[in-house]
1. Restricting to the range 20-30, name every residue that is buried (at least 16 other Cβ atoms within 10 Å of the Cβ) and farther than 17 Å from E103 by Cα.
2. Filter the range 37-76 down to the residues that are closer than 26 Å to L95 by Cα and either part of a helix (DSSP H, G or I) or modelled with pLDDT under 85 (or both) and list them by number.
3. Any residue that is under 13 Å from the mean Cα position of the chain (by Cα) and more than 12 Å from L43 (Cα to Cα) - is there at least one of those in the range 101-111?
4. Considering only the range 137-155, I want to know if a residue exists there that is at pLDDT 85 or above, in a helix (DSSP H, G or I), out of contact with any helix residue (DSSP H, G or I) (no Cβ under 9 Å at 6 or more places or on another chain) and not aliphatic (A, V, I, L, M).
Amino acid sequence: MKNIMATVKREVLIAFDGTAGAMAAVDYVGRQFSGLTGVKVTLLYVLPQLPPQLWDDGHVLTAGEKTGRQSVISTWAANQKMRMEGLFDEASKLLVQRGIKAEHIEHKIRLDFNNIADGILDEARSGHYTTLVIGRCGASRMEHLLTGSVTAKIVSRGAGLAICVVDQATIGAG
């Protein structure tokens, strides 16, 4: 009898920002899905909100000011993408070392300046991923109380999704 699990298609989305928690999520996926056929892994980076120096300063912009501001924002986004390429390469190498085929690894960058958690959830839902994996950050309890965490927002808003939260202490375990 043919092994049904060997033919199941698995689309795994890893919320990735290059932090230790994100690398723990990459390591976990590599260990859990190593050697399985039909696995596709997507590393997703959602650009954070614009830094304050790029915000609109409240006055009506002239056409020249709008063009100048858009140019600065585009340069900022391009620099963020360039920074992420090296981190994507590092994560991809780890996945390959763990047994995921290089041709089954994809990188995505989403321009979502409103909310990182919502950007991740939207990608998970619209991309029909079977599993969403996210690393838990090392933020203090006070930081979580004041701002909340992306992970907590994803778990609380992720009804209907298979979500796996990985603690960075799991790096290299197993």
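1. Answer for the range 20-30, where residues must be buried (at least 16 other Cβ atoms within 10 Å of the Cβ) and farther than 17 Å from E103 by Cα: G21, A22, M23, A24, A25, D27, Y28.
2. T37, L47, P48 - these are the residues of the range 37-76 that are closer than 26 Å to L95 by Cα and either part of a helix (DSSP H, G or I) or modelled with pLDDT under 85 (or both).
3. Yes, because at least one residue in the range 101-111 is under 13 Å from the mean Cα position of the chain (by Cα) and more than 12 Å from L43 (Cα to Cα).
4. no
The values are calculated or read from the model by the stated rules, or taken from the named source; none is laboratory data. These figures come from a predicted structure and were not determined experimentally. No Cβ is skipped: glycine too gets one built from the backbone with ideal geometry, and neighbour counts run over all protein chains shown.
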